[in-house]
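The values are calculated or read from the model by the stated rules, or taken from the named source; none is laboratory data. These numbers come from a predicted model, not from an experiment. With ideal geometry, Cβ positions are generated from the backbone for all residues, glycine too; neighbour counts draw on all protein chains shown. Side chains are part of the model used for accessible areas, which takes the heavy atoms of the whole protein and leaves out ligands, DNA and RNA. Shrake-Rupley method; radii C 1.70, N 1.55, O 1.52, S 1.80 Å.
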Amino acid sequence: MPASKNRRRFGRVRRLPSGRWQARYKGPDGIDRAAPNTFATKTDAEVWLTRQEAEILDGDWLDPDAGNVLLADFGASWIAERPNLRPKTAQTYEGLLRIHIVPALGGIKVAHLKERTVRSWRTSLLDSGVGPVTVAKAYRLLKAILNTAVDDGLIKRNPCRIKGAGQEHSPERPVLALAQVFALADAFDRRYRLLILLAVFCSLRWGELAALTRSALDVDTETLIVRAGVVELKTGALVTGPPKSEASNRVLTIPDFLVMDVAEHLDTFTGPGPGALVFTGPKGAQLRRSNFSRQWNAATEAAGLSGFHFHDLRHTGNQLANDEGASLRELMDRMGHSTTRAALIYQHRSKRRDQMLAAAISRRVKAEHHSSGTQRAR
């Protein structure tokens, strides 16, 4: 029995020997296309054609072949095409794509990725023991890649739609007491003591400290200028460039108790030229975090701080600034952040800050209450 055809204004439907219905239409590109599946009824086939026509008229039509690119290939191109991507960031993206995304999803065509596929992939990562922070980063990368696929007309809708899946919930890191800060600094060789103190009291990142030059420190004005950062790639290459973000370019005031330490360090361990690195190894080489880890592990163990991370020094400094009453804007400027998200971490209700506020309220109440009580007695 031959297939029956039914002509209509847009597209065609016909009944197949199987009894199911096929729909075909000519796209804006002039290519005759069949629906990706057959239909149980003629009405179902015609409804599908009506939707295709509406998409064409509204300018929402997508070439169904455009998304026939493997996610592994599209993801690699996405990373390669990012403008001004910092080497460390490119390295991180490449690792997340290669290790956590491609093994499960890389062989799937972009157009065939579904929400349930993404949900299953994320659950599998978590069940296999991958840390929640790493899973959140991988999810954010996948979502960004597929956002571009939407913009490029490869897919209509991003299948990454898990609420909160891209948010990192890192465990609370320790904050040192002042006595612990100085105990840790004193546990290092003298050439590294100021490195520790500036990390805390100027809230500096490792890369910012490793890139500091003599010209960035002014003892007379008690200022420190952050204008560069160093990253160490997996290849071992050290790359010096702009700081982490535009907001990371900043001028900081050196606490006056540290000024003499800065002057002594510059005289003892830093070369004479304005471009001389403030912190170097014993032989004058640029600091490498991979090499410094040996001194770090020994010093933290000596100070009773095993498991303490270098970045926790900056965390301690940020919390100290918050406890002393820094506003959200002041915290953002000091930390070198352009958004409030990171700074808000330090605005939560800490026990010490709460005690300080309670003490301040108490002093005011006592002063005013005592004063009014005296007047009433008179």
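Details
- Tail fraction, Cα-Cα pairs, the chain, threshold 35 Å, whole percent: 49
- For the chain, the relative contact order is 11 percent, taking Cα pairs closer than 8 Å that sit 6 or more residues apart in sequence and dividing their mean separation by the residue count.
- Spin-label pair THR280/SER245, simplified geometry with 7 Å Cα→Cβ offset, distance in nm: 3.4
- For GLY271, the amide hydrogen comes within under 5 Å of the amide hydrogens of LEU277, counting only partners 5 or more places away or on other chains and with H modelled in the peptide plane.
- Of the residues LEU194, GLN180, ALA211, the one whose Cα sits farthest towards the positive end of the charge dipole of region 174-234 is ALA211 (charges of +1 on Lys and Arg Cβ, -1 on Asp and Glu Cβ, taken about the Cα centre).
- Comparing Cα centroids, region 202-267 and region 279-319 end up 15 angstrom apart.
- Protection proxy ranking for 271-281, 315-325, 90-100, 203-213, using the average of other Cβ atoms within 10 Å per residue and placing the highest first: 203-213, 315-325, 90-100, 271-281.
- Three-way shape call for region 105-249 based on the alpha-carbon gyration tensor, with the a/c threshold at 1.5: prolate
- Solvent accessible area, Å² - THR89, 1.4 Å probe, full protein context: 50
- Of GLY30, PRO171, LEU125, farthest towards positive along the dipole that unit charges on Lys, Arg, Asp, Glu beta carbons give region 28-179: PRO171
- Under 5 Å from the amide H of LYS26 lie the amide H atoms of GLY11, ARG33, each residue being 5 or more positions distant or on a separate chain, with H modelled from the backbone and absent for Pro and chain starts.
- Seen through its C-alpha gyration tensor, with square-root eigenvalues sorted a ≥ b ≥ c, region 204-334 comes out rounded because a/c lies under 1.5.
- With Cα atoms as the point set, region 180-236 shows a radius of gyration and Dmax of 12.6, 40 Å.
- Net charge dipole size for region 110-228 [Lys, Arg +1 and Asp, Glu -1 on Cβ; Debye, nearest 20]: 780
- Taking the Cα centre of the chain as origin and assigning +1 to Lys and Arg Cβ atoms and -1 to Asp and Glu Cβ atoms, the resulting dipole is close to 1840 debye.
- Unit charges at the beta carbon, dipole of the chain: most positive-side option, GLY11, THR223, LEU141: GLY11
- Taking a ≥ b ≥ c as the square roots of the eigenvalues of the alpha-carbon gyration tensor, region 85-130 is classed oblate because a/c is 1.5 or more while a/b is no larger than b/c.
- If only the Cβ of Lys and Arg carry +1 and only the Cβ of Asp and Glu carry -1, the dipole of region 157-313 around its Cα centre is close to 940 debye.
- Loop trypsin sites (Lys or Arg not before Pro), region 1-90 (other Cβ atoms within 10 Å of the site Cβ: 11 or fewer; DSSP): ARG9
- Surface listing: VAL200, VAL219 arranged by accessible area from highest to lowest gives VAL219, VAL200, probe 1.4 Å.
- Placing a label point 7 Å from the Cα of LEU233 along the Cα-to-Cβ direction, the residues of region 78-96 with a backbone N closer than 12 Å are 86-92.
- From most to least packed by mean Cβ count within 10 Å, the peptides 251-262, 141-152 give 141-152, 251-262.
- Residues whose amide H lies under 5 Å from that of THR213, counting only those 5 or more places away or on a different chain, are VAL278; hydrogens are built 1.01 Å from N in the peptide plane.
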